[in-house]
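The values are calculated or read from the model by the stated rules, or taken from the named source; none is laboratory data. Since the model is a prediction, treat every value here as computed from it, not as a measurement. Note that we place each Cβ from the backbone using ideal geometry, even for glycine, and neighbour counts take in every protein chain shown.
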Amino acid sequence: MRNLNDHFTSFRITFFFIVVLIISACSEPVSYDLILRSGTIIDGSSGAAYQGDIAINDDQIAAIGDLGDTSALMEINVSGLVVAPGFINIHSHAVGDALSTAVNMISQGVTTEIMNSDGSSPIDIAAQFDSYMQNGLALNVGGFIGFNSVWSEVVGTENVRPTQAQINQMQSIIQSALEAGAWGVSAGLDYVPGYYATVEEVIQVLEPFASWNIVFANHDRLTPESGYSSITGMTETVTIGEASGLIPLVTHMKVQGWEQGKAGEILEAMRVAATSNPEGAVADLYPYLAGATGLAALIIPSWAQAGGRDAMLQRFQDSNLRARIITEAEEAMTLRWGGASGVYVLGNQRELTDIMNDFGTDSPGEAVIRVLEEADNGVILRFGSEEDLIEIMQHPTVSIACDCDAAPEGARIHPRYWGTFPKVLGEYVREKGALTLENAIYKMTGLPASTIGMEDRGLLKPGMVADITVFDPTTIIDHATFENPTARPEGIMYVILNGEFAFSDGVVTGVQAGEVLNRNLPF
C-alpha cells in the first residue's frame, strides 16, 4: 500500500507541473504600455551604446533589453535611432509664460529645466512653482534660490555692507528655499547688486549649508581691477564654493577677450578643487561664441547702476559722470568683447557699430548710453575662441546647458534657445568629432543630474522616470542662427515626458505632463 501511495503522490506532482507548463504556454506574454523596439540605447552613464528594447509602464521605465517575447499597447520600431534619457538643462532663465508649451525646448529633446540661474529668483520659490503648475507644464521644472535676489531683498541695490542681522536674514531665506526643494544656490556676482558682495560676505551667507551637498552656481564676476579677467572670476567661484563647503559650479563657462587660449588654466584649478566634491569643481557651457544679457548689465560700470535704472539714467545726465561711464564702458567692451564690433543690440536688431553711425558718433560708450536712454535692451556679446570652447566641452565635469528657457513663439533672442543640444550632437559629435556620442549624451543627462543631486532622471534603467529622447544621429543638427534665431532643429524624433509623448514625428503634441521637481533634503 505504501508503494502505491508513493506512486500516486509522484503522479500528482508530475501532473501539477505539466498543468503549470500548459498554462504558462497558453498565457499572454508580459504586456507594457509602450515598447521602443531595436533602438541604439545610450543610457546616460557614459557607457558604450548597445542595441535593445525599452518598455514603459505609466511614467516609469519597466524593462530594458531583448524584450522580443513581450507585447505592449503601443510598439514603435526605432531601429537606427538613438534612445537616450531626456535632456536636462541645468541653466534656465524661464519665467513661466511659455512653460505651458515650451516648444523650443521640447523640439531640442529637453525634458527638464532647472531655473532661477545667475542669482535671480523669487524669494518664495514654492509659490513660484505652484503658479506654474496652475497653468500646466509642458516639461519638468525645478529651481535654484537666487543669491542676488536674496541680497536685494535684504540689503538693497546700493553698495553697502550687510549687518550681521542681515546676514542671518539672508541665511534664513536661503534655508527656507532649500527646505522647499531648491536644487542649490545660484549667484550672478557679475551683476548688480550681487556684484557688491565681497567674497567673505558670500562665504558667510553660504557656510550654514556646507552639509547640504548642494551646488553654488555662479556667473563669474569680471572686474576692472582684474582687467576683466574671466579666469580670475571663475577662480573666485571655485574659492567661494570650497570655502563655504558647497560644490562650486561655474556657469556658462567661457574664457573671454584677451585671455583666449588659456582655458587649461581654469580647468586645472577646477580639477584640484576637491574639498566639497571628489571630482573637483563642476561647470556647464553652451556651444556658442557669443552670449546674451541686458545691454547695461555688463557694459555700464557697477557703480553707475547702483539704485536701479532711474538712478542710472540720472547719472547719465551729469556730464562728468557721463564721461567717466563712457570711458569705463569702452574699456569693458574692449577687454571682454573686442570693442564695439562684439556687440549686437537685440531691441534694435542692429550691430552697435551701425547704431554709432546712426547717432553720428565714433564713441561706442556714448552710443550705448543713448540706446539705454531710449529703452532697456537685450544684447548679444561675442567672445572667445573655438579651441577654448572645445577644450572646456571635453572636460569631464562640464555639462551641456543652453543658458536659455522655454520662450514664446517668435521671440528673437539667441540661437541657443532653439539649437543648443542638436548643435552639440550634430556639429561637435558627428561633424567635428570633439565628443563621442556617448560622452555628449552623458553631458546632457547623467552628468547634470548627478551635479545637482537628481536621482530619478538622467539615466535609462528600470525604475527611473520615463523621460526619453529619441533622435536620428545621422541628421540631427541645429538651424538657428543669429540672423534667424527661431529656426527649428531637425533630427529629434520622439520626446517622452513622464511616460507621455511630448514630441512625435516632428510635432509638439501639446501634452502638459510636466512636473515640479523638488530636491530631497540630505538629512
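Of note:
- Test: residue in region 276-284 that is over 20 Å from Thr334 (Cβ atoms), free of Cβ contacts under 8 Å to residues at least 12 places away in the same chain and not in a strand (DSSP E or B): yes
- Taken over region 50-71, the criterion of being small (Gly, Ala, Ser) and either farther than 18 Å from Leu497 by Cα or without any contact (Cβ under 8 Å) to a residue 40 or more places away in the chain (or both) is satisfied by Gly52, Ala55, Gly65, Gly68, Ser71.
- Residue within region 125-147 that is of a type in the set (S, T, N, Q) and buried (at least 22 other Cβ atoms within 10 Å of the Cβ) present: yes
- Residue list for region 339-381, filter: in contact (Cβ under 8 Å) with a residue 12 or more places away in the chain, assigned to a strand (DSSP E or B) and not aliphatic (A, V, I, L, M): Tyr344, Gly378
- Met444 fulfils the conditions (1) out of contact with any strand residue (DSSP E or B) (no Cβ under 7 Å at 6 or more places or on another chain); (2) crowded, with 23+ Cβ neighbours inside 10 Å; (3) within 19 Å of Tyr288 (Cα to Cα) except for a single criterion, (1).
- Scanning region 24-48 for residues that are surrounded by fewer than 22 Cβ atoms within 10 Å (Cβ to Cβ), in a loop (DSSP other than H, G, I, E, B) and at pLDDT 95 or above yields Ser45, Ser46, Gly47, Ala48.
- Some residue of region 451-462 being out of contact with any helix residue (DSSP H, G or I) (no Cβ under 8 Å at 6 or more places or on another chain), part of a helix (DSSP H, G or I) and under 27 Å from Gly291 (Cβ atoms): yes
- Here is the figure for region 321-338: residues that are touching a Ser or Thr at 6+ places or on another chain (Cβ under 9 Å) and either under 21 Å from Asp310 (Cα atoms) or surrounded by fewer than 16 Cβ atoms within 10 Å (Cβ to Cβ) (or both) total 1.
- Among the residues listed as Glu438, Glu431, the single one being free of Cβ contacts under 8 Å to residues at least 12 places away in the same chain and over 22 Å from Thr251 (Cβ atoms): Glu431
- Looking only at region 496-507, residues that are modelled with pLDDT of 95 or more and out of contact with any strand residue (DSSP E or B) (no Cβ under 7 Å at 6 or more places or on another chain) come to 1 in all.
- Among all residues of region 471-487, there is at least one that is closer than 16 Å to Met105 by Cβ and part of a strand (DSSP E or B).
- Condition check for Leu425: without any contact (Cβ under 8 Å) to a residue 60 or more places away in the chain, over 30 Å from Leu178 (Cβ atoms) and in contact with a helix residue (DSSP H, G or I) (Cβ under 9 Å, 6 or more places away or on another chain): no
- Scope region 468-485; condition surrounded by 18 or more Cβ atoms within 10 Å (Cβ to Cβ) and either among the β-branched types (Val, Ile, Thr) or outside the structural domain of Val424 (by TED's automatic domain parsing) (or both); matching residues: Ile468, Thr469, Val470, Ile476
Condition check ((1) within 20 Å of the chain's Cα centre (by Cα); (2) closer than 21 Å to Gly257 by Cβ; (3) modelled with pLDDT under 95; (4) among the small types (Gly, Ala, Ser)) across all residues:
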{"position": "Ala283", "(1), (2), (3), (4)": "yes, yes, no, yes"}
{"position": "Arg315", "(1), (2), (3), (4)": "no, no, no, no"}
{"position": "Ala340", "(1), (2), (3), (4)": "no, yes, no, yes"}
{"position": "Phe359", "(1), (2), (3), (4)": "no, no, no, no"}
{"position": "Ile369", "(1), (2), (3), (4)": "no, no, no, no"}
{"position": "Glu373", "(1), (2), (3), (4)": "no, no, no, no"}
{"position": "Asp376", "(1), (2), (3), (4)": "no, no, yes, no"}
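- When Ala329, Ala323 are checked against the criterion of being part of a helix (DSSP H, G or I), under 34 Å from the mean Cα position of the chain (by Cα) and not β-branched (Val, Ile, Thr), a single residue qualifies: Ala329.
- Checking region 485-493 against the condition returns no match, with no residue being among the hydrophobic types (A, V, I, L, M, F, W, C) and in contact with a helix residue (DSSP H, G or I) (Cβ under 6 Å, 6 or more places away or on another chain).
- Number of positions in region 168-221 that are part of a helix (DSSP H, G or I), of a type in the set (D, E, K, R) and free of Cβ contacts under 8 Å to residues at least 40 places away in the same chain: 2
- The number of residues in region 219-256 that are of a type in the set (S, T, N, Q) and surrounded by 20 or more Cβ atoms within 10 Å (Cβ to Cβ) comes to 7.
- So Leu497, is it of a type in the set (A, V, I, L, M), touching a helix residue (DSSP H, G or I) at 6+ places or on another chain (Cβ under 9 Å), more than 21 Å from Asp284 (Cα to Cα) and crowded, with 24+ Cβ neighbours inside 10 Å: yes
- Flag not set for Ile123, criterion: more than 30 Å from Phe503 (Cβ to Cβ), touching a strand residue (DSSP E or B) at 6+ places or on another chain (Cβ under 9 Å) and free of Cβ contacts under 8 Å to residues at least 40 places away in the same chain.
- Of all residues in region 366-406 being among the small types (Gly, Ala, Ser) and surrounded by fewer than 22 Cβ atoms within 10 Å (Cβ to Cβ), the one that is nearest to Ile441 (Cα to Cα): Ser385
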